[in-house]
Each structure stands twice: as C-alpha cells, then as structure tokens.
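Below is one structure, written out as structure tokens; comments come after it.
The values are calculated or read from the model by the stated rules, or taken from the named source; none is laboratory data. Everything quoted here is computed from the prediction, not taken from an experiment. Cβ: placed from backbone, ideal geometry, glycine included. Neighbour counts: every protein chain shown. For accessibility, only protein heavy atoms count, side chains too; no ligands or nucleic acids. Shrake-Rupley method; radii C 1.70, N 1.55, O 1.52, S 1.80 Å.
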Amino acid sequence: MDEKFQQLMLTLAAESQIFLYIANYAIVGNLLLLVLALVYEKKLNSITISFFVICLSLTMSRLLSPLLYEIASGPTVLHKFAWYGGWILINVFCIWFIYYMHWLQKIRATQLSMVTSLIFIAMCLVQAIDFIDRATLQSNFFADAYQILIAVINLCSLPLSAYFWLVEIRKRQLIAAGA
Amino acid sequence: MAFFLILFTCCLLILALHLHLKLRQLASEPQIFAEVAVELQQRAHDLLVRKDQLDARQNSVSKDEDEHWRNDVAQYMEDYEQEALARARVHLGRKTPSVS
C-alpha cells in the first residue's frame, strides 16, 4: 500500500508541470476576475466575497502544497490523512468564510456564492472518497479519477463563476427595468 | 486508527454541507427584504428625522406639513414593498409573490 502511495506521489510529481500550469492559469484568471469585480461593483457584496475566497483558496493551495507533499510522503495512514485532511480543512474553511462574511455584513447570498460553495463541497467529496478508498480498500481505482477531477474542478471554477456573475448582472438589469 | 480518521473525514463533509445549507438560507426572502431595507435606509432615516422635528414643535405644526409627511411615509412603504417583491420574483424565480 505504501509503495503504491509513493508511486502516486511520484506520478503526481512527474505531472506536476501540467498541474502547475493549470494552477497558474487559475490564479491569474481569478485575480483578474476579482479586480474586475471590485472595479465594477465598487463595494463589498456577495460577488466580490466569492471571487476573493476563490483567490484565497488557490493561493493557500499554492503555498501549502509543497509542505503537504513533504508530509504525505511518510509511511503511515496518518501521513496520508495529512494530505487529504489538509485539503478538506482548507475547503471547509473557505465555505465557512463565505458564510461568515455574508452573515457578518448581512448580505444576501447570490447564486454565485452558492455555486462557489458547491465547488468547494465537490472538492471535499473527491478528497474524502479518495482518502477512504486509500485507507480501506486500497484499490487505487480512484487515483486517476482523483487527479483528473481536481484539475477539472479547478479549470471549471473560473468560467462557472464568470457565468454566474453575468447572470447576477442580468438579474439586476431585469429588476431595474421593473421585472 | 483508520476508522477514526474516516469518521473525522465524514464529520468534516457533514460540516461543509451544513455550512452550505446555512448559506442557502441567506438567499431566502427575508434576506431580500433586508437588503432592500438597507438600500432605502437613507430615505427611512430622513423620514424619521422629519417626524422627530414635527413632534418637537407639535403645537405650531400645520396640518399641511403633517399630511405631507404621511404621504411621504406611504410612498416609502409602497416603494419598499414593490422593490422587494420585484427582487423576490427575479431572485427566487417566482411567478406570483407569496403573501407574507
């Protein structure tokens, strides 16, 4: 089991160029979206909070992934849990942060913020499934699915959030026109 | 050992779902009304200040001024209601507004 895990780490490291490229693209794109949203909205609302949290999570993952790699290369199940649990904790923190900011500022939650939290839940789910598989069955079946799904979710989050921002602007226009 | 770690993972998942459901509650109708109230706060504040001024010089207040104030309050209430219902229709995708 441990050898399999080490192999997974090695394959991950070998393909990390692609992951790095995706992460860069996502961070630059989301930062641009955040700046655009701040310029367009001119205030703290659900849209800007959502974009900010997405940027925050990407930055955290970039900063923490080398550290987590290092810890996860250990032999026991606890080391593996540090990898998966760490990601799940980051995602749960992001969902909590979205909720807390809305609650604190008494802002109405838009569709964008709910889609953002759904994206984080999907991430948690993928991590949890792979961890449970790795800790019990060791079937390695999810290893490929895990890599692909995380990358796909990271890639999809940018166009999805942009689309739901446009939906929100369209709704505002509808309301201004008298619904 | 592994069992407890899996249990902990499941707990974290449930926590994430719970937070998501709480966030969904913040998109409901009361929150829409609260948002409109915040946006119309300046007008409500002006109305309250004028009411205070009218009360302060109660004896010399003219009927006209009082009537004018009442009309403004009625107008404010109507605008608030209309705006909130329009937003509830668009955001919650509702054909007819619910009676609340």
Let me confirm something: among A:Y25, A:Y99, A:Y69, A:Y40, which residue is touching a Lys or Arg at 6+ places or on another chain (Cβ under 7 Å) and either open to solvent by 10 Å² or more (accessible area, probe 1.4 Å) or more than 27 Å from B:T9 (Cα to Cα) (or both)? A:Y99
All conditions in (1) closer than 30 Å to A:R134 by Cα; (2) within 15 Å of the chain's Cα centre (by Cα) are true of A:S50 except (1)
Residue within segment A:89-98 that is farther than 30 Å from B:V38 by Cβ and of a type outside the set (S, T, N, Q) present: yes
Taking the conditions exactly as written (within 10 Å of chain B (Cβ to nearest Cβ), free of Cβ contacts under 8 Å to residues at least 40 places away in the same chain and either out of contact with any helix residue (DSSP H, G or I) (no Cβ under 8 Å at 6 or more places or on another chain) or open to solvent by less than 30 Å² (accessible area, probe 1.4 Å) (or both)), does A:Y146 satisfy them or not? no
Taking the residues in segment A:155-179 that are more than 10 Å from chain B (Cβ to nearest Cβ) and open to solvent by less than 40 Å² (accessible area, probe 1.4 Å) as candidates, determine which candidate is nearest to the chain's Cα centre (by Cα). A:S157
Condition first: at the interface with chain A (Cβ under 7 Å from one of its Cβ atoms), among the aliphatic types (A, V, I, L, M), open to solvent by 80 Å² or more (accessible area, probe 1.4 Å) and in a helix (DSSP H, G or I). Now tell me which residues in segment B:1-37 satisfy that. B:L17
Looking only at residues that are of a type outside the set (A, V, I, L, M), open to solvent by less than 100 Å² (accessible area, probe 1.4 Å) and part of a loop (DSSP other than H, G, I, E, B) in segment B:45-85, which one is nearest to A:L174 (Cα to Cα)? B:S62
Within segment A:72-96, take every residue that is touching a residue at least 60 places away in the same chain (Cβ under 8 Å) and either open to solvent by less than 10 Å² (accessible area, probe 1.4 Å) or within 23 Å of B:R87 (Cα to Cα) (or both) and give me the one that is nearest to the other protein chains (Cβ to nearest Cβ). A:K80
